[in-house]
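The values are calculated or read from the model by the stated rules, or taken from the named source; none is laboratory data. Only a predicted model underlies this, so the values are computations on that prediction, with no experimental measurement involved. Every residue, glycine among them, receives a Cβ derived from its backbone with ideal geometry; neighbour counts consider all protein chains shown. SASA here: full protein model, heavy atoms, side chains in, ligands and nucleic acids out. Shrake-Rupley method; radii C 1.70, N 1.55, O 1.52, S 1.80 Å.
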Amino acid sequence: MDDVVEPPAADFQLPRILAALADPQRLAAVRYVARNGESWCTQVMQEAGLAMTKSTFSHHLRILREAGVLTKRIQGTRGYTRLRKDDLDRRFPGLMDSIIAADASLADSESPR
């Protein structure tokens, strides 16, 4: 049973969104979904290189969904997640673009040369 309440865009709270994105693993998951579009949850975990259990990843997704950053839909036995970019842009224009661009530039500068 999925009891996560995904808030409507009008109820998004900036501190809650920023807190959800403050975790590096959650930020990596969001960056993956932002770049690749709607993705199967296990696919996100594997391809974003998130070494954790499924239950830990589910916990991270729950925090992101409760903040309004991601949404989830079930199809058969798979859960798919996607970024709520349109909703986020309506409430906080450019926020996600800035965060994802800044995160990508930091990741590039931190990679070994």
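Of all the criteria given as (1) open to solvent by less than 50 Å² (accessible area, probe 1.4 Å); (2) on the phi < 0 side of the Ramachandran plot; (3) modelled with pLDDT of 95 or more, the one not satisfied by residue 68 is (2).
Screening residue 40 with (1) open to solvent by 50 Å² or more (accessible area, probe 1.4 Å); (2) touching a helix residue (DSSP H, G or I) at 6+ places or on another chain (Cβ under 6 Å) gives one miss only, at (2). In segment 84-93, of all residues being in a loop (DSSP other than H, G, I, E, B) and open to solvent by 30 Å² or more (accessible area, probe 1.4 Å), the one that is nearest to residue 10 (Cα to Cα) corresponds to 92.
Here are the criteria: (1) over 15 Å from residue 101 (Cα atoms); (2) surrounded by fewer than 13 Cβ atoms within 10 Å (Cβ to Cβ). Tell me which single one residue 24 does not satisfy. Against the list (1) over 15 Å from residue 101 (Cα atoms); (2) surrounded by fewer than 13 Cβ atoms within 10 Å (Cβ to Cβ), residue 24 comes up short only on (1). With respect to the conditions (1) open to solvent by 20 Å² or more (accessible area, probe 1.4 Å); (2) modelled with pLDDT under 95, residue 79 falls short on a single one, namely (1).
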